[in-house]
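Each value in this text was obtained by applying a stated rule to the coordinates, not by laboratory testing. What you are looking at is a predicted structure, and each value in this text was computed from that prediction instead of being measured. Please note: Cβ atoms are built from the backbone with ideal geometry, for glycine as well, and neighbour counts cover all protein chains shown.
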Amino acid sequence: MDFRRELRDEGTELSRLKSLSDGVFAIVLTFLIFRLDIAKFVSAESDGVLWFNIREQSTALLGYTLSFFIIASFWMLHQRVFRHLRRFNGTLLWQNISFLFFVSILPLTTSIHSGNPKLATAWVIYATNNAVAGLSMLGIWLKCSRGDMVCDKTSKNVENFFVWRIGAIPLVFLASIPLAYRNITLATWSPILIPILLGAIHLAFGSKLRHLKLVTSWKKTSDVKAEAA
């Protein structure tokens with residue numbers, strides 16, 4: 001009976017951890033829009049003024065768009081990783097909190113870059129934030145997969161897929177850091193390589209990705225058996 005209670009409690013704590021993470025992501029995505037001066041879009045006196053305001057806000061709009069999709073990518077990766085998780089410990093808990101911290105300051109570093117688009121240091125701060133957040137997410141997955149915290153249905157191919165899938169984002173941002181001091185324009189546009197890399201990774205693993213769909217059904221079945229025992 002104690003064992004069954006432990007299983008349920010662990011599942012509850014894991015659910016709370018997911019809820020906390022989802023809440024942080026939702027708040028961070030909302031804060032991003034505050035970097036834009038929305039008043040300039042709703043109080044323009046003429047078409048010319050409106051287009052001038054749009055051009056004036058173009059850098060902030062690009063920064064918002066880039067950060068929104070980067071954060072959304074982190075959220076999707078986080079969801080997929082935790083879908084494979086069957087248990088966690090204190091170390092993983094703190095790793096997840098550290099990851100959420102680096103995600104939470106992305107609106108700040110986005111503002112730094114958007115406000116100083118031609119400064120290499122501004123890009124380095126922004127790129128470093130993204131890279132460290134990505135590496136933190138990678139650390140979470142490595143801790144889970146190598147610490148016997150993922151379910152038995154998670155194959156080695158799936159583990160390798162996640163390493164490459166998560167690592168693609170920090171790889172691009174790390175590579176852009178030295179580039180920023182040589183050509184800030186190329187560094188700023190370097191995130192375009194991320195979807196290209198992700199597409200190549202998906203093609204490389206091909207049909208092996210079907211294993212990702214087995215985990216959800218396995219976890220539901222095991223939960224039912226645990227409650228019925």
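Key figures
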quantity: Computed E for LEU186/SER19 - FRET, C-beta separation, R0 35 angstrom, nearest 0.05; calculated: 0.30
quantity: Within-14-Å neighbourhood charge of TYR126 [Cβ basis; K, R +1; D, E -1]; calculated: +2
quantity: Phi-based couplings in Hz for segment 160-169 (Karplus 6.51, -1.76, 1.60; Gly and Pro marked x); calculated: 5, 4, 5, 4, 5, 5, 6, x, 5, 5
quantity: Label-point separation, ILE33 to MET76 (7 Å along Cα→Cβ), nm; calculated: 2.1
quantity: ALA204 paired with SER58, simple spin-label distance in nm, labels 7 Å along Cα-to-beta-carbon; calculated: 3.6
quantity: Formal net charge of residues neighbouring LEU100 (Cβ-Cβ distance under 12 Å; K, R +1; D, E -1); calculated: 0
